[in-house]
Amino acid sequence: MTETRIGQNSEVTLHFALHLENGDTVDSTFDKAPAVFKVGDGNLLPGFEAALFGFKAGDKRTVSVPPENAFGQPNPQNVQIMPRSQFADMELSEGLLVIFNDAANAELPGVVKAFDEHQVTIDFNHPLAGKTLSFEVEILAVKAL
């Protein structure tokens, strides 16, 4: 009997950690319950899933995931300048996360990049856009579906 390897129609139980190039950890399950996902269910970005294809239970690896396969490159159109008056009752600081509602009333997070008395520059790009990430994994179980 051959060992089940990660591919389409797989359920995977794993520990993972996402690290920035400077070594900072963005997210990790190593200190808590492992993650479980089905390939293609949307819980992992396709680029992260593809990096796992061929792995089997017991494998421990660290793979580099470029921005194109992770959160994409920053889009300049996702940086918006808004009137300062829209933030009248708010104490602003660079890096502040502000939640907006889009036309469908879904929450849309943005980060304050700059501001003065007239305008505020908000970046709606994903905070990890443009970043190459180190994806550390320990595969605990692989089940064919």
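The values are calculated or read from the model by the stated rules, or taken from the named source; none is laboratory data. The structure presented is a predicted model; accordingly, all values stated were derived computationally and were not measured. No Cβ is skipped: glycine too gets one built from the backbone with ideal geometry, and neighbour counts run over all protein chains shown.
Quick notes on this one:
- Condition met for residue 108 (assigned to a strand (DSSP E or B), modelled with pLDDT under 95 and not hydroxyl-bearing (Ser, Thr, Tyr)): yes
Results for (1) under 28 Å from residue 24 (Cβ atoms); (2) exposed (fewer than 14 other Cβ atoms within 10 Å of the Cβ); (3) outside the structural domain of residue 63 (by TED's automatic domain parsing), shown as yes or no for each residue.
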site: 85; (1), (2), (3): no, yes, yes
site: 88; (1), (2), (3): no, yes, yes
site: 98; (1), (2), (3): yes, no, yes
site: 103; (1), (2), (3): no, yes, yes
site: 106; (1), (2), (3): no, yes, yes
site: 109; (1), (2), (3): yes, yes, yes
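- Single residue of 44, 18 found to be buried (at least 17 other Cβ atoms within 10 Å of the Cβ), part of a loop (DSSP other than H, G, I, E, B) and in contact with a Leu (Cβ under 9 Å, 6 or more places away or on another chain): 44
- Candidates 49, 11, 68, filtered to the one that is within 18 Å of residue 142 (Cα to Cα) and part of a helix (DSSP H, G or I): 49
- Of the residues contained in region 33-43, one or more are found to be within 17 Å of the chain's Cα centre (by Cα) and β-branched (Val, Ile, Thr).
- Number of residues in region 21-35 that are under 16 Å from residue 55 (Cβ atoms) and either among the aliphatic types (A, V, I, L, M) or part of a strand (DSSP E or B) (or both): the value is 1.
- Any chance residue 137 is in contact with a His (Cβ under 9 Å, 6 or more places away or on another chain) and either exposed (fewer than 10 other Cβ atoms within 10 Å of the Cβ) or not in a loop (DSSP other than H, G, I, E, B) (or both): yes
- In region 107-123, the count of residues that are under 13 Å from the mean Cα position of the chain (by Cα) and either on the phi < 0 side of the Ramachandran plot or without any contact (Cβ under 8 Å) to a residue 24 or more places away in the chain (or both) is zero.
- Residue, nearest to residue 13 (Cα to Cα), within region 47-65, restricted to residues that are crowded, with 17+ Cβ neighbours inside 10 Å and touching a residue at least 60 places away in the same chain (Cβ under 8 Å): 57
- The residue list 97, 92 contains one member that is touching a Pro at 6+ places or on another chain (Cβ under 7 Å) and without any contact (Cβ under 8 Å) to a residue 60 or more places away in the chain, which is 97.
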